[in-house]
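Let me begin by presenting the structure, written as structure tokens, before commenting on it.
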Amino acid sequence: MRIIAGTLRGRALAAVGKGDPSAHLRPTTDRVRESLFNMLAGGRFGDPFEDAVVLDLFAGTGALGFEALSRGAARAIFVDDGRTANTLLRENIRLLGVAEHCRIFNRDASRLPQSDDSPATLVFLDPPYGKDLGARALDTAAAAGWIAPEALIVWEENAPQNPLPGFNLLENKRYGDTHVTLMTAPPDSRGR
């Protein structure tokens, strides 16, 4: 895996190795990530990366958050409770030299505490497929003030996802067996 574009373009991420099957560590492939980021940067969504605060829920290797940092995001907050994922996140931060732009929460994405940070303007949500964890994590993050009003949400799953109440569905895209649902947070999502 590597960074596709931006200031870190071409830089390799830590090898996943055997991964963590029990934690369903399933990194987004370079091809899907490239298609996704090209779509996001295509102008329809403005520039969702410039100075963004990124919340990467179920972060795994952090590839989505690191790609956003490479393309101009100011900071990335990575959330994952997997031991292997947290090791990979720390190694990738070291390899890319972006520690001052990153924060890691080693915890269940559906159990975030009240935010003490700036709310995210760009949220990546890549839960284990078919476990119904994404909606809980997104609802918790919004209620705890982690998501800015009208933030762009990018949700990867094995099927298109329905937006939570108040969230606005933008579109669903399919990349092989990966479905990406794009939506925006409600105008009043902070502290819902």
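Any read-out appearing in this document is the output of simple, stated calculations on the displayed coordinates, not a laboratory observation. Please read all numbers here as calculations on a predicted model, not as lab measurements. Methodologically, a virtual Cβ is constructed for each residue, glycine included, from the backbone with ideal geometry; neighbour enumeration extends over all protein chains shown.
Computed on the Cα atoms alone, the convex hull of segment 61-136 gives a volume of 99 cubic angstrom per residue.
Using the count of nearby Cβ atoms within 10 Å as a rough guide to exposure, how do I147, I104 rank from fewest to most?
I104, I147
From helices alone, the chain scores -7000 deg cm²/dmol at 222 nm; the rule is -39500 (n - 2.57) for each run of n ≥ 4 DSSP H residues, then divide by the residue total.
Max-minus-min Cα coordinates of segment 77-180 on each principal axis give 35, 32, 21 Å, with the largest extent listed first. Applying the Karplus relation 6.51 cos²θ - 1.76 cosθ + 1.60 with θ = phi - 60° to segment 11-16 yields 3J(HN,Hα) values of 6, 7, 9, 4, 5, 6 Hz, where x marks Gly and Pro. Between segment 33-97 and segment 131-160, what is the C-alpha centre distance in whole Å? Each part reduced to its Cα centre gives a spacing of 15 Å. Label point of R111 set 7 angstrom out along Cα-Cβ; within segment 71-102, amide nitrogens under 14 Å from it belong to 80-83. Here is the P(r) of the chain: all C-alpha pair distances, binned every 5 Å from 0, give 1, 8, 18, 23, 23, 17, 8, 1, 0 in whole percents. Scanning residues 5 or more positions from I104 or on other chains, those with amide H under 5 Å from its amide H are F78, with H placed 1.01 Å from N in the peptide plane.
The stretch between N158 and R83, if pulled fully straight at 0.36 nm per residue, gains 24.6 nm over its current Cα-Cα span.
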